[in-house]
There are 2 protein chains.
Amino acid sequence: MLRIVWVGVALLLSAGSIGAAERPVAPNGIAIYPDYMSWKVVAPSYREDKGHIRIITGNEIAVAGLRAGKNPLPDGSVLAKVAWKAEKHPNFPVATEPGAFVQVEFMVKDAKKYKDTGGWGFARFVGNELKPYGKDANFVAECFGCHIPVAKNDYLFTKIVKTP
Amino acid sequence: MLRIVWVGVALLLSAGSIGAAERPVAPNGIAIYPDYMSWKVVAPSYREDKGHIRIITGNEIAVAGLRAGKNPLPDGSVLAKVAWKAEKHPNFPVATEPGAFVQVEFMVKDAKKYKDTGGWGFARFVGNELKPYGKDANFVAECFGCHIPVAKNDYLFTKIVKTP
């Protein structure tokens, strides 16, 4: 009976796209959050310089905080920015849509742990192999440097979309 | 005691952005789905001709069907396409982000009920007033006409994004 239960647990775990054992980890210790595509939408975005089309999603703490206008966001907030190659729709070229997956990036709020980088831990996982970005933990200097111009918005470029 | 319960229910209902009593209804009888921003992401898109940036979300039936590669999608599938004015980010103009809300559109699958329009019922709600689009039920001819070139993809322009 116990064996049947364990087989059931194993099958449930393998049904997700990324199992716990194989989760990539960034050089600063942040592991990928495998459920980021199930989180609520924060906003879409389009980067014409990179040729990327993106969505930003957030976990429950982040989305609730953003909707309530909290600045800074509370500890436990996690945001994911997912990028795909931007492609013209073959049947409708005035529309740009996602092609191949490029990367997923995370910002993880912990005011104490990440106090040197605005309270945010950064991580990036690149390509279909989800290869962690950065040679060592200093890679975050590049991430944080780019976010300094939006320090007043809790270091976030993205604002949550508004709907009536 | 019963009164306290009812007050609680009323407060819960009014916490949503659109109450059941005030839900706009399209001329073909499709009422707005108020929870479309809580649905999972199907894809982002960018319409350079309209200057819109969009996300497409889907209810559980639609997203499960799309992930399983079902064509046509099963009855009960609902997709929402939400459009905002596309604006350059003030701190970072190579990024285009959502500005003011433009509209939300729905495609509702019921193979029998909507058999004349590919099994899809269409609806559009415009602006912050969520004004139903169309003078009468014939407005769907315009919607469906535009979707005919993608008949082989169950009349859907959007494909669900892929992530590793």
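The values are calculated or read from the model by the stated rules, or taken from the named source; none is laboratory data. Being a predicted model, the structure only gives us computed values, none of them experimental. Cβ coordinates were reconstructed from backbone atoms using ideal geometry, including for glycine residues, and neighbour counts include every protein chain displayed. Note: areas computed on protein heavy atoms with side chains; ligands, DNA, RNA excluded. Shrake-Rupley method; radii C 1.70, N 1.55, O 1.52, S 1.80 Å.
Of note, A:A95 satisfies the criterion of being surrounded by 16 or more Cβ atoms within 10 Å (Cβ to Cβ), among the small types (G, A, S) and in contact with a strand residue (DSSP E or B) (Cβ under 6 Å, 6 or more places away or on another chain).
Just wondering, is there one or more residues in segment A:29-41 that are over 28 Å from B:Y46 (Cβ atoms) and in contact with a Phe, Trp or Tyr (Cβ under 7 Å, 6 or more places away or on another chain)? Yes: one or more hits. Taking the stated definitions as given, is A:K81 under 30 Å from B:H52 (Cα atoms), open to solvent by 30 Å² or more (accessible area, probe 1.4 Å), touching an Asp or Glu at 6+ places or on another chain (Cβ under 9 Å) and in contact (Cβ under 8 Å) with a residue 12 or more places away in the chain? Yes; evaluated as a whole, the condition is true for this residue.
Comparison of A:V42, A:V108 shows that the only residue that is of a type outside the set (D, E, K, R), closer than 19 Å to B:V161 by Cα, touching a residue at least 24 places away in the same chain (Cβ under 8 Å) and open to solvent by less than 50 Å² (accessible area, probe 1.4 Å) is A:V42.
If the condition is being open to solvent by less than 40 Å² (accessible area, probe 1.4 Å), more than 29 Å from B:A100 (Cα to Cα) and hydrophobic (A, V, I, L, M, F, W, C), then segment B:67-78 contributes only B:L73. Checking each residue in segment B:118-139 for being exposed (fewer than 14 other Cβ atoms within 10 Å of the Cβ) and over 26 Å from A:I53 (Cβ atoms) picks out B:E129, B:K131, B:K135, B:D136, B:A137, B:N138.
With respect to (1) in a helix (DSSP H, G or I); (2) surrounded by fewer than 16 Cβ atoms within 10 Å (Cβ to Cβ); (3) at the interface with chain A (Cβ under 10 Å from one of its Cβ atoms), the lone exception for B:E142 is condition (3). Within segment A:145-164, the set of residues being not charged (D, E, K, R) and not in a helix (DSSP H, G or I) comprises A:Y155, A:L156, A:F157, A:T158, A:I160, A:V161, A:T163, A:P164.
Kindly establish whether A:K162 is under 30 Å from B:N128 (Cα atoms), in contact with a strand residue (DSSP E or B) (Cβ under 7 Å, 6 or more places away or on another chain) and among the basic types (K, R).
Yes.
Within segment A:27-44, the set of residues being at the interface with another protein chain (Cβ under 7 Å from one of its Cβ atoms), out of contact with any helix residue (DSSP H, G or I) (no Cβ under 7 Å at 6 or more places or on another chain) and more than 16 Å from B:E48 (Cα to Cα) comprises A:M37, A:S38, A:A43. Filtering segment A:147-164 to residues that are open to solvent by 40 Å² or more (accessible area, probe 1.4 Å) and at the interface with another protein chain (Cβ under 9 Å from one of its Cβ atoms) leaves A:P149, A:N153, A:K159, A:K162, A:T163. Scanning segment A:45-65 for residues that are of a type in the set (A, V, I, L, M) and within 10 Å of chain B (Cβ to nearest Cβ), we see that the one that is surrounded by the fewest Cβ atoms within 10 Å (Cβ to Cβ) is A:V63.
Annotation: A:G134 fulfils all but one of (1) assigned to a loop (DSSP other than H, G, I, E, B); (2) on the phi < 0 side of the Ramachandran plot; the unmet one is (2).
Report yes if B:E87 is more than 10 Å from chain A (Cβ to nearest Cβ), without any contact (Cβ under 8 Å) to a residue 24 or more places away in the chain and charged (D, E, K, R), otherwise no. Considered against the rule, which asks whether it is more than 10 Å from chain A (Cβ to nearest Cβ), without any contact (Cβ under 8 Å) to a residue 24 or more places away in the chain and charged (D, E, K, R), B:E87 comes out as yes.
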